[in-house]
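Undergrad: Let me give you the structure first, and then I'll get to my questions.
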Amino acid sequence: MVAVPRWLLVSVVCALVAAAPALHGADTYDAAAVLAAARSANLVYKRHVAEIAAQIQDPDPRIRQRAILTLGQLIDPLTLKLLLPLLESAQDPNDQVAAATACGRIGSTVAVPSLRALADGSKDGLVRLAALNALVQIKSAQPQDYLNRAKDPDPVLSGDGLTNAGTLAFDKASDALAQGLTSSRDQITRRMCAIGLGRIGDKGQAPALIDALGDSDPGVRRYAAEALVKLNYTPAIPYLLMALEGDIAAVYINRCLMLLSGQDFGYDWRDNEIARLNAVEKGFQWWSDNAEALSK
């Protein structure tokens, strides 16, 4: 359902009130009076849009950008004829950010080509971010859009792209996610990369997940272990045992070890160090007896 601006509703009500004398006491509505009221409301709306259009040309950027955002609040696809030129050729990046935000609010797919071009080609990180966010609002964002953002030179935007790509189980994203898991400085991004690799299920990326078992962040270790379980990558069992020796995220890693091996080696993170190491050693002994079959 299209949201109607409050000021426009007020204008329509006022116009109808003005027509009330012609309607009062009549058994049926006076069509001419109602039509006149509608025309009056439409005239008020057109004047309002014209005033906003004039403000878009204002030299003061605050007035200009407020006007652009106001067009989005109208939720009127007809105002795109004012917004699309701003997306494509505005000199001020903040104007483009405002225009992209307004287009997202309007929700028309007419703006998609211009928004995608901006998301892929703008030199300004905030503009690229606003354009992709608008595509998401319009429900026109594609997995490739997130993958493109994952390669963004801005680390904040690339991290956001990897995070979103990791939630989509997009097969082509596996290389980017593995790279992000290895090199991103943000632990949340690395966690999402590990989760994404588990969802995609590409066993070719198992080495990156195994390396992540030694990550400085316990959450990354946990999600890397869980991803290896989703891949059913049994050659990771000795690496999970080595990760247990560090006693970091041990509850989750032990659970993953039990799922992959089908064994309970008696590891309990609450035990003393000797008991924990004995459980790990028991696991290595079991692995030496079964490694040939499980390494394939």
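The values are calculated or read from the model by the stated rules, or taken from the named source; none is laboratory data. Because the structure is predicted, anything quoted here is derived from the model rather than measured. Using ideal geometry, Cβ is built from the backbone for each residue, glycine included, and neighbour counts are taken over all protein chains shown. Just the protein is used for accessible areas: all its heavy atoms, side chains included, with ligands, DNA and RNA removed. Shrake-Rupley method; radii C 1.70, N 1.55, O 1.52, S 1.80 Å.
Undergrad: In the list ARG276, ARG270, ARG255, which residue meets the criterion of being modelled with pLDDT under 95, open to solvent by 70 Å² or more (accessible area, probe 1.4 Å) and basic (Lys, Arg)?
TA: ARG270
Undergrad: Let me ask something else about it. Go through (1) in a helix (DSSP H, G or I); (2) at pLDDT below 90; (3) open to solvent by less than 40 Å² (accessible area, probe 1.4 Å) one by one and return the number of the condition ASP95 breaks.
TA: Exception for ASP95: condition (2).
Undergrad: Checking LEU126 against (1) open to solvent by less than 60 Å² (accessible area, probe 1.4 Å); (2) within 18 Å of PRO61 (Cβ to Cβ): exactly one of these is not met. Which one?
TA: Failed condition: (1).
Undergrad: For the stretch 205-242, what are the residues that are open to solvent by 10 Å² or more (accessible area, probe 1.4 Å), over 30 Å from the mean Cα position of the chain (by Cα) and not β-branched (Val, Ile, Thr)?
TA: Passing the criteria: PRO235, PRO238, TYR239, MET242.
Undergrad: Looking at this structure, is GLU226 among the charged types (D, E, K, R), free of Cβ contacts under 8 Å to residues at least 12 places away in the same chain and out of contact with any strand residue (DSSP E or B) (no Cβ under 6 Å at 6 or more places or on another chain)?
TA: No, not satisfied.
Undergrad: A follow-up question, please. Consider GLU281 against the criteria (1) in a helix (DSSP H, G or I); (2) open to solvent by 70 Å² or more (accessible area, probe 1.4 Å); (3) touching a residue at least 12 places away in the same chain (Cβ under 8 Å): it satisfies all of them except one. Which criterion is unmet?
TA: (3)
Undergrad: Got at least one residue in the stretch 51-60 being over 25 Å from SER158 (Cα atoms), open to solvent by less than 60 Å² (accessible area, probe 1.4 Å) and modelled with pLDDT of 95 or more?
TA: yes
Undergrad: A further question on this structure: So, THR79, is that one farther than 19 Å from ALA50 by Cβ, part of a helix (DSSP H, G or I) and without any contact (Cβ under 8 Å) to a residue 60 or more places away in the chain or not?
TA: no
Undergrad: Of the conditions (1) at pLDDT 90 or above; (2) surrounded by 21 or more Cβ atoms within 10 Å (Cβ to Cβ); (3) assigned to a loop (DSSP other than H, G, I, E, B), ALA141 satisfies every one except a single condition; which number is it?
TA: (1)
Undergrad: Take the conditions assigned to a helix (DSSP H, G or I), open to solvent by 30 Å² or more (accessible area, probe 1.4 Å), more than 24 Å from ASN254 (Cβ to Cβ) and of a type in the set (D, E, K, R) and apply them to ASP175. Does it pass?
TA: When the stated conditions are applied, ASP175 passes them.
Undergrad: Is there any pair linking a residue in the stretch 284-296 that is closer than 14 Å to LEU260 by Cα and outside any helix (DSSP H, G or I) to one that is open to solvent by less than 60 Å² (accessible area, probe 1.4 Å) and not basic (Lys, Arg), with Cβ under 8 Å and at least six apart or on different chains, and which?
TA: The qualifying pairs are SER295/THR234; SER295/PRO235.
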